[in-house]
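To keep things clear, I will list the structure first and then write my remarks on it.
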Amino acid sequence: MKEQNLQTEIHLNQITFFLNGKQITEDVPAGISTLDWLHAKKQMFGTKCSCNEGDCGACTVVIAYPFEGIITYRAINSCLYPAAKLHGKHLITIEGLGTPENLHPIQQTLLKYHSLQCGYCTPGFVMSLFALLAMNSHPDQETILAALEGNLCRCGTYNSILKAAQELSAKFSPSEIVPEWCRNTEQDLYSFNETDTMFFTKTDIPQQVNCYLFPKTMKQLFDFYAEHPDANFIAGGTDIMVQKNIDRKVFPVLIDITNLPELNRLYLRQDGLHIGSAVTYQQLYESGIVKTDYPVLHKLLAQIASQQIRNLGTLGGNIANASPVGDTLPLLLVLDASLWLQSDLEIRQIPLNDFFVSYRKTALNKGEIIKEIIIPPVKSNSYIKFTKTSKSKSVDISSVITAVKIEYNEDIIINAALALGGVSALPMLSQKFTELLTGKKLSTINIDSVISEVEKEFEPLTDIRGTALYRKKLIQNHILLYFQELQKEEK
Ligand SMILES: Cc1cc2nc3c(=O)[nH]c(=O)nc-3n(C[C@H](O)[C@H](O)[C@H](O)COP(=O)(O)OP(=O)(O)OC[C@H]3O[C@@H](n4cnc5c(N)ncnc54)[C@H](O)[C@@H]3O)c2cc1C
Ligand code: FES
Ligand code: FES
């Protein structure tokens, strides 16, 4: 696109998208969440608000957009989804699915199984089931449970919802689930993305977010940053939007990096798997390469947050956020991941282990972004595993998360790595573990002395996710678990 055209479009405050089958063009204040926009600007209150931070699923809506040659239907938390991102997509809300006189099959089936009491959570469950069944005609129980783990019901109607979901899975085809008005928009969604080139929203009245920018090229990204050095980057927004909604943090300018083709690539090279920093957890989870070549990563992805969050959140955001309990970090550390960082001046590669500097501080320079995450090929003679301990099995941040990698040459350990999250200010690799195991046979290793040496390397904190003592115990148990499995494998 020519710079001249950009200038004419740059002052537009409007986005164009489909809302329940109808194309609309609307003014959207920068940074407003889709939930707030539905309530405040459209007076559509069918989508509920409870937590406003991605935990309860009451605000679940579905977005449809082209991805890898098909129209994908994804359930998302509308409280965490900036409305600006809706441009060129189809937003489907509970109001679109059925009317009291003519309920959608999902609503009919939930009613048949008495799956609602107060009903506050119901729109969210309906929308999660809609996204699931639109993409997968006959999901099994495990898949149904995974799709619903981000929806809470304080009246406890889970069993009847599950029964209804099982019947929907057994009896209905996607053509009965996805209404005609949805299908009618699909062709337009393709041409939308092809013809549209640029989108920008701006408000002049100071508020939490004054300006939301969507660069389409890397050059534009760095030009925008040069113009707005106080800007923050936003990818899935599952961390940023929580800070905005709950901590009331002000982000004068947000630069959304999710439309940049360079950051959306996923490809295998000789040096390993390259993951663009805007690739979502769900896209990674569905990737055939990840399933076959990095099964341990595939398994980890399923344990992160909820389906709605996985549809938005990115590996790049998890790394840049640098939380000591970021779930992907220990595994990426033992897998020797590295990062490509890019600024307007240079591209540099840095081992992930050098990226974390101090509590939530990283080696990113001002205006620099994570472009790609590179995971070297996994050797066939290796044991790689992670263990996540959190208070709840789903949608919960870890108290402690560890990962281990042990590579053998015949029965000699030639490389050993243990990474720990949740026990210090940074996710960290244990040097002692590597020293004590490398060059040894498994049968000669004194496990107690490995545990006590590793323990000397960290001093965990006591916080809401566990006491220091509890965390130490967890680390002991994780290490014991790994050795028990290794010993079993050797027999
Ligand atoms: C309900 C809920 C449950 C969650 N559960 C988990 C969980 O189980 N495990 C877990 O680890 N996390 C969890 N999280 C946290 C969050 O989902 C992850 O950290 C996620 O990976 C963040 O990615 P994002 O793209 O949404 O980041 P964003 O919110 O877009 O950004 C996060 C930070 O990273 C920066 N950033 C993003 N991308 C880049 C880039 N390419 N280059 C430079 N800086 C960048 C942003 O400026 C920001 O500072 C949860 C969050 C919620 C709301
Ligand atoms: S309101 Fe709870 S997840 Fe959005
Ligand atoms: S029916 Fe009341 S919260 Fe679910």
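The values are calculated or read from the model by the stated rules, or taken from the named source; none is laboratory data. These figures come from a predicted structure and were not determined experimentally. With ideal geometry, Cβ positions are generated from the backbone for all residues, glycine too; neighbour counts draw on all protein chains shown.
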Fill in the blank from the handout: When every residue in region 19-60 that is under 19 Å from Met135 (Cα atoms) and away from ligand 1 (no atom under 16 Å from the Cβ) is compared, the one farthest from the chain's Cα centre (by Cα) is Gly21
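Table: residues versus (1) of a type in the set (A, V, I, L, M, F, W, C); (2) within 16 Å of ligand 3 (Cβ to nearest atom); (3) not in a loop (DSSP other than H, G, I, E, B).
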residue: Gly317; (1), (2), (3): no, no, yes
residue: Pro324; (1), (2), (3): no, no, no
residue: Leu333; (1), (2), (3): yes, no, yes
residue: Asp336; (1), (2), (3): no, no, no
residue: Trp340; (1), (2), (3): yes, no, yes
residue: Leu345; (1), (2), (3): yes, no, no
residue: Ile350; (1), (2), (3): yes, no, yes
residue: Val357; (1), (2), (3): yes, no, yes
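Looking only at region 167-174, decide whether some residue is part of a helix (DSSP H, G or I) and within 20 Å of the chain's Cα centre (by Cα). Even if it seems obvious, please write down each step before you answer.
Residues of region 167-174 part of a helix (DSSP H, G or I): 167-171, 174.
Within this subset, residues satisfying the condition of being within 20 Å of the chain's Cα centre (by Cα) are none.
Within region 167-174 (the criterion being part of a helix (DSSP H, G or I) and within 20 Å of the chain's Cα centre (by Cα)), the answer is no, since none of the residues qualifies.
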Handout entry: Hey, Pro377 of a type outside the set (S, T, N, Q) and within 30 Å of Ile412 (Cα to Cα) or not
Key = yes
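Does region 144-160 include one or more residues that are at negative phi, in contact with a Cys (Cβ under 9 Å, 6 or more places away or on another chain) and of a type in the set (Lys, Arg)?
The first filter runs over region 144-160 and keeps only residues at negative phi, leaving 144-155, 157-160.
Now restrict to residues that are in contact with a Cys (Cβ under 9 Å, 6 or more places away or on another chain): 150-155, 157.
If we keep only those that are of a type in the set (Lys, Arg) as well, we get 154.
Within region 144-160 (the criterion being at negative phi, in contact with a Cys (Cβ under 9 Å, 6 or more places away or on another chain) and of a type in the set (Lys, Arg)), the answer is yes, since at least one residue qualifies.
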Fill in the blank from the handout: Those residues of region 78-109 which are within 16 Å of ligand 3 (Cβ to nearest atom) and either surrounded by fewer than 21 Cβ atoms within 10 Å (Cβ to Cβ) or touching a residue at least 24 places away in the same chain (Cβ under 8 Å) (or both) amount to Ile94, Ile106, Thr109
Handout entry: One residue from Ser398, Ser390, Ser358 being out of contact with any strand residue (DSSP E or B) (no Cβ under 7 Å at 6 or more places or on another chain), touching a residue at least 60 places away in the same chain (Cβ under 8 Å) and crowded, with 17+ Cβ neighbours inside 10 Å
Key = Ser390
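State which residue is surrounded by the fewest Cβ atoms within 10 Å (Cβ to Cβ) when the search covers only region 438-491 and only residues that are outside any helix (DSSP H, G or I) and small (Gly, Ala, Ser). Walk me through it before giving the result.
Keep residues of region 438-491 that are outside any helix (DSSP H, G or I), which gives 438-441, 445-446, 456-467, 491.
Then drop every residue that is not small (Gly, Ala, Ser), which leaves 439, 466.
Details: Gly439: 11, Gly466: 21.
Per the criteria, the residue is Gly439.
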Exercise for the section: Filter region 222-239 down to residues that are within 12 Å of ligand 1 (Cβ to nearest atom), without any contact (Cβ under 8 Å) to a residue 40 or more places away in the chain and out of contact with any Cys (no Cβ under 9 Å at 6 or more places or on another chain), then give me how many there are. Expected result: 1
Handout entry: Among (1) away from ligand 3 (no atom under 16 Å from the Cβ); (2) in contact with a strand residue (DSSP E or B) (Cβ under 9 Å, 6 or more places away or on another chain); (3) at pLDDT 95 or above, the one test that Cys59 misses
Key = (1)
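Going by the structure shown, is Thr328 modelled with pLDDT of 95 or more and buried (at least 19 other Cβ atoms within 10 Å of the Cβ)?
Numbers: modelled with pLDDT of 95 or more: yes; buried (at least 19 other Cβ atoms within 10 Å of the Cβ): yes.
So Thr328 fits the description; yes.
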Exercise for the section: Quick one: in region 227-257, of everything that is crowded, with 20+ Cβ neighbours inside 10 Å and polar (S, T, N, Q), which residue is farthest from ligand 3 (Cβ to nearest atom)? Expected result: Thr238
Exercise for the section: May I ask you to verify whether Leu364 is touching a Leu at 6+ places or on another chain (Cβ under 7 Å), surrounded by 20 or more Cβ atoms within 10 Å (Cβ to Cβ) and outside the structural domain of Ile240 (by TED's automatic domain parsing)? Expected result: no
Exercise for the section: Take His138 and decide whether it is assigned to a loop (DSSP other than H, G, I, E, B) and within 16 Å of ligand 3 (Cβ to nearest atom). Expected result: no
Fill in the blank from the handout: Considering region 144-175, residues that are surrounded by fewer than 21 Cβ atoms within 10 Å (Cβ to Cβ) and under 19 Å from Leu97 (Cα atoms), and then whichever is nearest to ligand 2 (Cβ to nearest atom), we arrive at Ser169
Handout entry: region 62-77 residues that are within 23 Å of Val126 (Cβ to Cβ), paired with ones that are among the basic types (Lys, Arg) and assigned to a strand (DSSP E or B) (beta carbon under 7 Å, 6 or more apart)
Key = Val62/Arg74; Ile63/Arg74
Practice task
Output the number of residues of region 49-94 satisfying the condition of being touching a Leu at 6+ places or on another chain (Cβ under 9 Å) and either assigned to a loop (DSSP other than H, G, I, E, B) or more than 27 Å from Ile257 (Cα to Cα) (or both).
Solution key: 15
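Would you check if there is a residue in region 111-129 being more than 16 Å from ligand 3 (Cβ to nearest atom) and either modelled with pLDDT of 95 or more or within 23 Å of Cys59 (Cβ to Cβ) (or both)? Before you say what the answer is, go through the steps one by one.
Within region 111-129, the subset more than 16 Å from ligand 3 (Cβ to nearest atom) is none.
Checked against the condition, which is being more than 16 Å from ligand 3 (Cβ to nearest atom) and either modelled with pLDDT of 95 or more or within 23 Å of Cys59 (Cβ to Cβ) (or both), region 111-129 yields no hits at all.
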Exercise for the section: Taking Asn311 as meeting all but one of (1) surrounded by fewer than 24 Cβ atoms within 10 Å (Cβ to Cβ); (2) polar (S, T, N, Q); (3) modelled with pLDDT of 95 or more, write down the number of the exception. Expected result: (1)
